[in-house]
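Contents: one structure, followed by commentary.
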Amino acid sequence: MKRILALLTACAMILGVHALLSSPAAAAAGCRVDYTVTSQWQGGFQAGVKVTNLGDSVSGWMLKFAMPDAGQKLGQGWNATWSQSGSAVSAASLDWNRTLATGAVADLGFTATSTGANPKPTAFTLNGVACTGSTGEPTPTPTPTPTPTPTPTPTPTPTPPTPTPAPTPTPPTPGSDTPVDVNGQLHVCGVHLCNQYSRPVQLRGMSTHGLQWFGKCYNPASLDALAKDWKSDLLRIAMYVQEGGYETDPSGFTSRVNSLVDQAEARGMYALIDFHTLTPGDPNFNIDRAKNFFGAVAARNADKKNVIYEIANEPNGVSWTAIKNYADQVIPVIRAADPDAVVIVGTRGWSSLGVSDGSNESEIVNNPVNATNIMYAFHFYAASHKDNYRTTVSRAASQLPLFVTEFGTVSATGGGAMDRTSTMAWLDLLDQLKIGYANWTYSDANESSAAFRPGTCSGTDYSSSGVLTESGALVKSRISTPDSFPTS
């Protein structure tokens, strides 16, 4: 699906769910659950479940409730190990969130199928104690020791008046309105990429070309233009592994990637680190290189809020099972150093969700990567991939978190005429579904997919109509429109 200078045509849960204690510690004094149906569609819905521990700290917890409608069947869940038996639903803590301190919040959620209305559950228990929104036993009883007043006195850990997302958002300072300033640390909630306020966001930006060929295109002037004139939310850093890339100089290419991460951060943009595998198509060929690379960049960038990891660009000629095996091994390397960052997993058929191989998203839905806080990559080239690909994305987006880490306005070779009609149809669909995207490419490559005319990267102008290709002008006009990121 992708080209190399017009010569080539075309990632149980990962952190490892530890077994719960055979008898989980009981919630000592009470809990509260805030349940919200966040979206609905014909035949299904998505719900957020926020659990607040109002009692003593617990280590290892189990939330239980009953689906109030027989037609509600659990689909996928996140931030817990979810299961359903009949109408009974349970969500067990994972290794990383098993400790729930007094006043702490576990932010969970799930998708489910339904046959009609989606009534809310009315009774939740945490480790067998009813979550009534207050401390004490589920049914309050008179205290055996007289108190100075006839009514109970509030405890030192009152119910918060308004639920707050975890982690606690850090409001931007006055005058700071870059994408990273506003959104902070990103995470996956349900099928969406969400910001620090746990609200769905769409990131729009550009991808570099191969750093080994077009390194001069990524300089202070071009990155200033990308952030300020193009108003890009992210920079995808395409680090080829073969084709004269990482395998030839691991230390040097790692340093280049880290430098671009820093430069994106300085300009308030997210940095999407792309391990750009293409030939050979089986990512397992590069699994040792991937572990070394991601171990290094994750350790170095773990404290940054602007980093997203794309662990395999375009798997091709390989099964989803093999891709999943690769992801199951690489993601723990990242999580060991950086437990919070979003990880994007490439998909079968040049990251087409398998469509280019005659398959579809069902193989992923039925056998998802065993990890939390992950998304799945989808790539398209507008002149080559049209209605059947858009139909698949529309359907898959209700079940899988998707990110279009690469797209082109032209054919899958990276050349040919721009297909404006198909490109607009694609971008309108991605806007509607709140799916982020990065355009190929922010370079002056001699191919019609490039944003700049040849020779542009030898100068200092990266924004005017005189240096933009037809594709560059269209993409710039789309991503430079206001983001309107939600903050409440």
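The values are calculated or read from the model by the stated rules, or taken from the named source; none is laboratory data. Keep in mind that this is a model prediction, so the values were computed, not measured. For neighbour counting, all protein chains shown are included, and Cβ atoms are generated from backbone atoms with ideal geometry for every residue, glycine included. For the accessible areas, the whole protein counts, side chains as well, though only heavy atoms, and no ligand, DNA or RNA atoms are used. Shrake-Rupley method; radii C 1.70, N 1.55, O 1.52, S 1.80 Å.
Table for the structure above
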| quantity | calculated |
| --- | --- |
| Number of the condition not met by Asn446 [criteria: (1) within 21 Å of Ser411 (Cα to Cα); (2) open to solvent by 40 Å² or more (accessible area, probe 1.4 Å); (3) within 29 Å of the chain's Cα centre (by Cα); (4) not small (Gly, Ala, Ser)] | (3) |
| Residue identified as acidic (Asp, Glu), under 17 Å from the mean Cα position of the chain (by Cα) and at negative phi among Asp262, Asp282, Asp274 | Asp274 |
| Test: residue in the stretch 338-349 that is crowded, with 18+ Cβ neighbours inside 10 Å, at pLDDT 95 or above, in contact with a helix residue (DSSP H, G or I) (Cβ under 8 Å, 6 or more places away or on another chain) and in a helix (DSSP H, G or I) | yes |
| Matching residues, the stretch 95-134, being of a type in the set (Val, Ile, Thr), crowded, with 18+ Cβ neighbours inside 10 Å, under 29 Å from the mean Cα position of the chain (by Cα) and closer than 18 Å to Pro68 by Cα | Thr111 |
| Per-region count, the stretch 398-443, residues under 11 Å from Ala382 (Cβ atoms), of a type outside the set (Phe, Trp, Tyr) and under 22 Å from the mean Cα position of the chain (by Cα) | 3 |
| Among the residues listed as Ala327, Ala312, Ala290, the single one being in contact with a Cys (Cβ under 6 Å, 6 or more places away or on another chain) and buried (at least 22 other Cβ atoms within 10 Å of the Cβ) | Ala327 |
| Tally, over the stretch 335-387, of residues that are farther than 21 Å from Asp107 by Cβ and more than 13 Å from the chain's Cα centre (by Cα) | 32 |
| Subset of the stretch 157-200 [part of a loop (DSSP other than H, G, I, E, B), in contact with an Asp or Glu (Cβ under 8 Å, 6 or more places away or on another chain) and at pLDDT 70 or above] | Gln185, Ser198 |
| Any chance Asn388 is of a type outside the set (Gly, Ala, Ser), farther than 18 Å from Leu429 by Cα and open to solvent by 10 Å² or more (accessible area, probe 1.4 Å) | no |
| First in the stretch 80-92 and open to solvent by 60 Å² or more (accessible area, probe 1.4 Å), second anywhere and part of a loop (DSSP other than H, G, I, E, B) and among the β-branched types (Val, Ile, Thr), Cβ under 7 Å, 6 or more apart | none |
| Count - residues of the stretch 449-488 that are assigned to a helix (DSSP H, G or I) and either of a type outside the set (Lys, Arg) or surrounded by fewer than 19 Cβ atoms within 10 Å (Cβ to Cβ) (or both) | 12 |
| Identity of the residue in the stretch 434-443, within 14 Å of Val404 (Cβ to Cβ) and touching a helix residue (DSSP H, G or I) at 6+ places or on another chain (Cβ under 7 Å), that ends up surrounded by the fewest Cβ atoms within 10 Å (Cβ to Cβ) | Asn439 |
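Quick grid of which residues meet (1) of a type outside the set (Phe, Trp, Tyr); (2) over 25 Å from Arg199 (Cα atoms):
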site: Lys386; (1), (2): yes, yes
site: Tyr389; (1), (2): no, yes
site: Ala396; (1), (2): yes, no
site: Met418; (1), (2): yes, yes
